[in-house]
Amino acid sequence: MTNNKQIPLSVPNLSLDILENIKECIETGWVSTGGRFITEFEEKIAKYVGVERAVSCQSGTSGLHLALRVLGIESGDEVIVPTVTFIAAVNPVKYMSAEPIFMDCDDTLNIDMDRLEDFLENECNYIDGKVINKKTSKQIKAIVVVHVFGNPVDMERLMKIREKYNLKVIEDSTEALGSYYLEGEYKGKYCGTIGDIGVYSFNANKIITTGGGGMVVSNDQELLDEVAFLGVQAKTNSLYFVHDEIGYNYRMTNIQAAFGIDQIDRLEEFIETKIKNYNIYKKALQNIDGLTLLPFRQDTRSNHWFYSILVDKNKYGIDRDELLRKLNEENIQARPLWRLIHKQKPYVGSQSYRIEKAEFYEKNLINVSCSSNLSEDEVEVVVGKLMEYKLPSV
């Protein structure tokens, strides 16, 4: 029987309480890139993740672009990036006319630290505080890490690598707002607040949304000053319109921030629902041979943004693509893992290093419905279909 009600993958969880904020924007005329909600939202995000300051921007992508710019990435430089991510995590490297080097993932779907260390030790020279790629003779200046699906990267190990090789670290935390560490050196620290710069996204499918928009955080206030300066067209003198550098129109609007100040207050409620629904999936999938729900790191409190299921065709009876087709035909939105970035047309000529595990997950992983307003009944509908589609063992 077909499921008549659509169960989306990941949609905004909005409240009509926001309307009062929107009404104020309209009545005061502050609908664009100025207004009190921008400042209030920046302050709320900074307080939530435990930093002194946050700087809003147009999107997570623009935040990553600004991060690379203020960290000194220039034309001809190289930046280490994961291949398992959305392409927006990598494109800003090209915006700077720099070149990405792609790394494999581990079983958390995050960048493989073993491969990263092997690459730096065996494929690079460390000369006068600079990492030089043996293959290209170019300097590697930074690493972009993505906390994939809200599952925190091993930042303790990464920051030791950073220290050893004098590299900058950009935390793409666009999927990981609310994820933090429960153990180790960074106990209590939120994703995005450990590297040189962290970036969050408030796109409509993220755990909180402003429709679009992003936020940049750092413990280096000079970097944040530069991010704020460049994001508003680099005005040296705003009264007389003096611009001494090339800047960008990367400002968040007051209307977007008006959504944000309500959304951030509900974030913990959203995470609680996501964890509860994840555990329903987990219990049910233990009884479905051939489907494995990927875990989140036990030494962290993940925001559980996306749920990932590994499909073993030999045990389940159908492959990942057939399962995707069946679910979507039933109005249950599901999606595959991203196409690996090193295989995307703009990057086929870029350097990649021993990518193996990512290929496996690309072929066999599926993301299932995980909105923060997903009901338990809807989870049961999805689980019921996952049980129904399994073919009897031969």
Scan region 225-245 and tell me whether some residue there is within 17 Å of S369 (Cβ to Cβ) and either part of a helix (DSSP H, G or I) or of a type in the set (G, A, S) (or both).
no
V394 passes all but one of the listed conditions (1) modelled with pLDDT of 95 or more; (2) assigned to a loop (DSSP other than H, G, I, E, B); the exception is number (1)
Scanning region 316-328 for residues that are charged (D, E, K, R) and surrounded by 14 or more Cβ atoms within 10 Å (Cβ to Cβ), the one nearest to N364 (Cα to Cα) turns out to be R320
When restricted to F270, F306, F296, the only residue modelled with pLDDT of 95 or more, touching a strand residue (DSSP E or B) at 6+ places or on another chain (Cβ under 6 Å) and within 26 Å of K189 (Cβ to Cβ) is F306
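Please state which one of L239, L223, L285, L230 is in contact with a Leu (Cβ under 7 Å, 6 or more places away or on another chain) and over 24 Å from S302 (Cβ atoms). Even if it seems obvious, please write down each step before you answer.
Values: L239 fails: in contact with a Leu (Cβ under 7 Å, 6 or more places away or on another chain); L223 fails: in contact with a Leu (Cβ under 7 Å, 6 or more places away or on another chain); L285 fails: over 24 Å from S302 (Cβ atoms).
Every option except L230 fails the conditions.
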Just one listed residue, out of G72, G50, G35, is at positive phi and buried (at least 19 other Cβ atoms within 10 Å of the Cβ), and it is G35
In region 40-95, residues that are without any contact (Cβ under 8 Å) to a residue 24 or more places away in the chain and in contact with a Ser or Thr (Cβ under 8 Å, 6 or more places away or on another chain) total 1
Just to be sure before I move on: is N314 in a helix (DSSP H, G or I), among the polar types (S, T, N, Q) and closer than 20 Å to E359 by Cα in the structure I sent? yes
With the structure loaded, tell me whether L386 is more than 17 Å from T85 (Cβ to Cβ), modelled with pLDDT of 95 or more, aliphatic (A, V, I, L, M) and outside any helix (DSSP H, G or I) or whether it fails that test. no
Scanning region 144-179 residue by residue, those among the acidic types (D, E), surrounded by fewer than 24 Cβ atoms within 10 Å (Cβ to Cβ) and in contact with a Gly (Cβ under 6 Å, 6 or more places away or on another chain) turn out to be E156
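With the requirement that a residue be of a type in the set (D, E), free of Cβ contacts under 8 Å to residues at least 24 places away in the same chain and in a helix (DSSP H, G or I), what does region 103-154 give you? Quick ask: steps written out before the conclusion?
Kept after step one, since they are of a type in the set (D, E), are these residues of region 103-154: 104, 106-107, 112, 114, 117-118, 121, 123, 128, 154.
Restricting the remaining residues to those that are free of Cβ contacts under 8 Å to residues at least 24 places away in the same chain gives 114, 121, 128.
Matches in region 103-154: D114, E121.
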From the option list K283, K313, single residue qualifying as surrounded by fewer than 16 Cβ atoms within 10 Å (Cβ to Cβ) and not hydroxyl-bearing (S, T, Y) is K283
So the helices (runs of 4 or more DSSP H) completely within region 14-102 holding 3 or more residues that are small (G, A, S) and modelled with pLDDT of 95 or more are 60-70
query = With respect to N331, is the statement that it is outside the structural domain of P82 (by TED's automatic domain parsing), closer than 30 Å to K189 by Cα, at pLDDT 95 or above and surrounded by fewer than 17 Cβ atoms within 10 Å (Cβ to Cβ) true?
reply = no
Restricting attention to region 338-362, the residues that are surrounded by 16 or more Cβ atoms within 10 Å (Cβ to Cβ) and under 23 Å from L391 (Cα atoms) number exactly 2
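The values are calculated or read from the model by the stated rules, or taken from the named source; none is laboratory data. Quick caveat, the model's predicted, so the values are computed rather than measured. Backbone-built Cβ (ideal geometry, glycine too); neighbour counts: all protein chains shown.
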